[in-house]
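Data block below; observations after.
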Amino acid sequence: MAKYVIEGGVRLNGIVKISGNKNSVLPCLAACLLTEEEVTLTNCPQISDVKVFLEILKGLGVQIQEDLDGEIKLKAKDVGGESLPKDLTARLRASVLLIGPLLGRFGKIEFYHPGGDIIGRRSIDTHIKGLSSLGFEFEREDKKYLGRRTKTGVSDVTIFLDEPSVTATENLILASVLCKATITLKNCAMEPHVVDLCNLLSGMGAKISGTGSTTLIIEGQERLLGTKFRIGQDFVEIGTYAVAAAITQGKITLLNCDLSDLEPVTVPLKEFGVSLQKYGDGNIKVWAENLKAVQRIHVRPWPGFPTDLMSAFIVLATQATGVTLLHDWMYESRMFFVDKLISMGASIIIADPHRVLVHGPSKLIGRELETPDIRAGMALVLASLAARGESIINKAELIERGYEDVVGNLIRLGVNIQRIE
């Protein structure tokens, strides 16, 4: 296990290059299974979740070439596996995204219930219902599933998702593009990573209309082609480093990013008093002089406030003057890390598993803390930056599942931080 040792109290100053979106790159990697031709993805984040996903793809027979600059070339010409490895899928929730393309191309798959962060119940019922409507049937024994195409397949069909799940939307898109029918998906997720996947598939020859809306119409094709595609920016990373600058009274420049259509992130930041200023082409300057509480931050499906930034915004609220109510209805364990912030001196009332009241500003003190999940772990890093004294963040490898080069970025911003195995 790894740990971060952080000396707090430094005003951040410097430059951070924003990486590619973790939640975009994984479904886009899965899409390579839909063609025998080479797919090249650029601006890929170099994080451990990507490494695990690539291990699974290699096990299926995908040829992979990685470059140091974030470019990955994939060729799934000789894919022969119909079973996903239990050990790797247990480590990665996003392995569920391999079900759709493997069923779409080969009509059969054996897999285990995917793992990942423990932030609440992570059902795949919406996936199974949608895939069943596409003409696939499933047998289940405990956590093991066997999926196969029925003899009749599927004709033109309209599927209404019972919730706008991001991964279910992506899985159904991936399973639909090779169907010999017209598939209409309603109540789809609209997150930027879903848009990225649709744009990649369109570049591969898929016929998708309605990209970026709640209704997608997919005209199935006989085959897809290879292409080259750039993964979009990680808006969670943008929000995270903006919070880091604000709570340390620092001023930083974010490279490789664009605030267009990021109002779900930028509007609440500005309401807290965080300034974001465009600087040149693809650069943003971030700082805050006086942080003030926001009455309420409420997670919603995009274009609402994203759940992946809730943990970071709880830390932001601890340094803002006044009381903020923060509400995440999606995951009943999202708030369970706040006891660690309380131990650091934060004034937080846990109203219920989904809501907390934060009274700020609080003077935080360094502590030794345990990382519970990716987003909460990064939130503890943020709190450590604002705290007086030394903090130790254990199980830091969990943070590195979703954030590229955390230690290097913070060192470049002037933080005294060490990574110790």
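If you go through segment 204-226 and keep only what is surrounded by 19 or more Cβ atoms within 10 Å (Cβ to Cβ) and either in the same structural domain as VAL265 (by TED's automatic domain parsing) or within 19 Å of VAL166 (Cβ to Cβ) (or both), you end up with ALA206, ILE208, LEU216, ILE218. Counting only helices (runs of 4 or more DSSP H) wholly contained in segment 93-180, the ones carrying 2 or more residues that are of a type outside the set (D, E, K, R) and more than 24 Å from THR35 (Cβ to Cβ) occupy 125-133. Could you list, in sequence order, the residues of segment 156-184 that are exposed (fewer than 15 other Cβ atoms within 10 Å of the Cβ) and either hydrophobic (A, V, I, L, M, F, W, C) or over 23 Å from CYS198 (Cβ atoms) (or both)? Once the filter is applied, which keeps residues that are exposed (fewer than 15 other Cβ atoms within 10 Å of the Cβ) and either hydrophobic (A, V, I, L, M, F, W, C) or over 23 Å from CYS198 (Cβ atoms) (or both), segment 156-184 yields only PHE160. A single entry from LEU201, LEU224 fulfils the requirement of being in a loop (DSSP other than H, G, I, E, B) and in contact with a Leu (Cβ under 9 Å, 6 or more places away or on another chain): LEU224. The set of residues from segment 325-349 being more than 21 Å from PRO301 (Cβ to Cβ) and modelled with pLDDT of 95 or more comprises VAL338, ASP339, LYS340, LEU341, ILE342, SER343, MET344, GLY345, ALA346, SER347, ILE348, ILE349.
For segment 74-87, does any single residue satisfy the condition of being farther than 30 Å from THR152 by Cβ, touching a strand residue (DSSP E or B) at 6+ places or on another chain (Cβ under 8 Å) and crowded, with 22+ Cβ neighbours inside 10 Å? Yes, segment 74-87 has at least one match. Are any of the residues in segment 2-21 in a helix (DSSP H, G or I), surrounded by 22 or more Cβ atoms within 10 Å (Cβ to Cβ) and within 14 Å of the chain's Cα centre (by Cα)? Checking segment 2-21: not a single residue is in a helix (DSSP H, G or I), surrounded by 22 or more Cβ atoms within 10 Å (Cβ to Cβ) and within 14 Å of the chain's Cα centre (by Cα).
Does LEU385 meet the test of being over 20 Å from the mean Cα position of the chain (by Cα), closer than 25 Å to GLU271 by Cα, crowded, with 17+ Cβ neighbours inside 10 Å and hydrophobic (A, V, I, L, M, F, W, C)? The answer is yes for LEU385.
Pairing each residue of segment 401-421 that is closer than 24 Å to ARG91 by Cβ with any residue that is in a helix (DSSP H, G or I) and of a type in the set (A, V, I, L, M), provided the two are 6+ apart or on different chains, yields C-beta distances under 7 Å for ARG401/ILE374; GLY402/ILE374; TYR403/MET378; VAL406/VAL381; VAL406/ILE399; ARG419/ALA396; ARG419/VAL407. Among residues of segment 286-306 that are acidic (Asp, Glu), those with a beta-carbon under 9 Å from a residue that is surrounded by 14 or more Cβ atoms within 10 Å (Cβ to Cβ) and modelled with pLDDT of 95 or more at least six positions away or on a different chain give the pairs GLU289/GLN249; GLU289/GLY273; GLU289/SER275. Could you check ASP261 against (1) on the phi > 0 side of the Ramachandran plot; (2) in contact with a strand residue (DSSP E or B) (Cβ under 9 Å, 6 or more places away or on another chain) and say which number it fails? For ASP261, the exception is condition (2).
Looking across segment 181-198 at every residue that is part of a helix (DSSP H, G or I) and of a type in the set (Val, Ile, Thr), the one that is farthest from PHE229 (Cα to Cα) is identified as VAL194.
The set of residues in segment 307-323 being outside any helix (DSSP H, G or I) and either surrounded by fewer than 24 Cβ atoms within 10 Å (Cβ to Cβ) or of a type in the set (Gly, Ala, Ser) (or both) consists of ALA320, THR321, GLY322, VAL323. In segment 404-419, the count of residues that are at pLDDT 95 or above, acidic (Asp, Glu) and touching a Gly at 6+ places or on another chain (Cβ under 9 Å) is one or more.
The values are calculated or read from the model by the stated rules, or taken from the named source; none is laboratory data. All values derive from a computational prediction rather than experimental measurement. When we count neighbours, we look across all protein chains shown, and the Cβ atoms used for this are built from the backbone with ideal geometry, even at glycine.
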